[in-house]
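The values are calculated or read from the model by the stated rules, or taken from the named source; none is laboratory data. All values derive from a computational prediction rather than experimental measurement. Note: ideal-geometry Cβ built from the backbone for every residue, glycine included; neighbour counts use all protein chains shown. Areas reflect the complete protein model, heavy atoms only, side chains present, ligands, DNA and RNA absent. Shrake-Rupley method; radii C 1.70, N 1.55, O 1.52, S 1.80 Å.
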Amino acid sequence: MKSPLLSLPGAVLAEGVDDGVAAHYGDLFREQRALADGNGFVDLSHRGVITVSGSDRLAWLHLLLTQHVSELPVGEATEALVLSANGHIEHALYLVDDGTTTWIHVEPGTQEALIGYLESMKFFYRVEVADRTDEFALVHLPAGSIAEVPEGVVVRETAHGRDLFLPRPDLETFAAEHGPAAGTLAYEALRVEGHRPRLGFETDHRTIPHELGWIGSAVHLQKGCYRGQETVARVQNLGKPPRRLVFLHLDGSDVHLPPPGTEIRVAADGAEGRKIGVITTSARHHELGPVALAVVKRNVPVDAPLLAGDTAAAQETVVEP
């Protein structure tokens, strides 16, 4: 599904999982600065949108998700995960409830598998799960935005901005009234700055929530049973995760950013040293320069200079070792 906003002046199509919306509209740093100042919006209409309705919806979701949602107040944003039986992250959900329906947005293309899992767990609960991606487009307003939200639009408000579940036919009208548009590259650079992990970027098939700092924000440690809870409790109470998320300041003299998957080594060990992690997301930030998120082995010293490929990198702790 291609966004109609790709027809805006300067729009350049994003690649990979973000295909379908604009990577930028001709000036990456201008777009970042606008978002940082609370101006404009980001077209995230490629993300999946799911609704759960019915009188049992919150109690039912509470049984399946890592977050405490059985008494989720109307209009309060939260996030949650679906784990495997071994505690590995399978889905990341971003939720808000409007009093009658729980609205969820997820990574592009993951909604079908998530709905399949949810449908398999309905049993006798009075719930209805629907894929609303064809009907609603996700739009992001940055923190500090004073833009008026169209009447009747469901809003998920967080510290870093507001997510709007906008009727898809209204997307072009909204863009004309709330510009300037910013692309996903600007949005991602601010995500990296905010140390916010993303499913499929910072995660792989063996990632557990502790490694990415999702304990607390997406995992509630005092709620009842859910799939994968045993692993969460065991690591929380008895051990440490094998890896940890870090934020990297990259050497700005390099022309090219090290792409995701670039191997990381301790600088003192040289380019032939042992691999201790990988770049997960890299970006060019309008103030910080080239930056990245990476996942490294837990026992890597927090003050050790690193090499991302052949690019020097200084680390900031996100998840404590």
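Observations on the model:
- Our estimate of slack between E272 and R30, defined as 0.36 nm per intervening residue step minus the Cα-Cα distance, is 83.2 nm.
- Computed on protein heavy atoms with a 1.4 Å probe, the accessible areas place D27, D310, D56 in the order D310, D27, D56, largest first.
- Stretched out straight at 0.36 nm per residue, the stretch from E157 to E71 would grow longer than its current Cα-Cα span by 29.2 nm.
- Lysines whose Cα lies under 22 Å from that of K275, excluding same-chain neighbours fewer than 8 positions away: K240, K297
- Cubic angstrom per residue, convex hull over Cα atoms of segment 228-321: 109
- The alpha carbon centroids of segment 283-312 and segment 88-105 are separated by 31 Å.
- Among the GluC sites (Glu not before Pro) in segment 37-110, those located in a DSSP loop and surrounded by at most 10 other Cβ atoms within 10 Å of their own Cβ are E71.
- The solvent-accessible area of Y125, taken with every protein chain present and a 1.4 Å probe, is close to 60 Å².
- Shown here for segment 131-207: GluC sites (Glu not before Pro) in loop regions (DSSP other than H, G, I, E, B) with at most 12 other Cβ atoms within 10 Å, namely E148, E151.
- Shape call, segment 199-275: gyration tensor on alpha carbons, a/c limit 1.5: prolate
- Each residue was assigned an accessible area with a 1.4 Å probe, and for R47 the value is about 20 Å².
- Cα gyration tensor, the chain - rounded (a/c under 1.5), prolate or oblate: oblate
- Ignoring aspartates and glutamates fewer than eight residues from K122 along the same chain, the ones with Cα atoms less than 13 angstrom from its Cα are D56.
- For segment 67-178, the equivalent ellipsoid derived from the alpha-carbon gyration tensor has semi-axes of 26, 16, 14 Å in decreasing order.
- Distance distribution P(r), segment 174-232, all Cα-Cα pairs, bin width 10 angstrom from 0: 17, 37, 24, 16, 6 percent.
- 20 Å cut-off, amide nitrogen to a point 7 angstrom out along F124 Cα→Cβ, residues in segment 50-82: 54-64
- Shape class of segment 1-158 from the Cα gyration tensor (axes a ≥ b ≥ c, square roots of the eigenvalues): prolate, since a/c reaches 1.5 or more and a/b is larger than b/c.
- Subtracting the Cα-Cα distance of K2 and D303 from 0.36 nm times their residue separation leaves 104.0 nm of extension gain.
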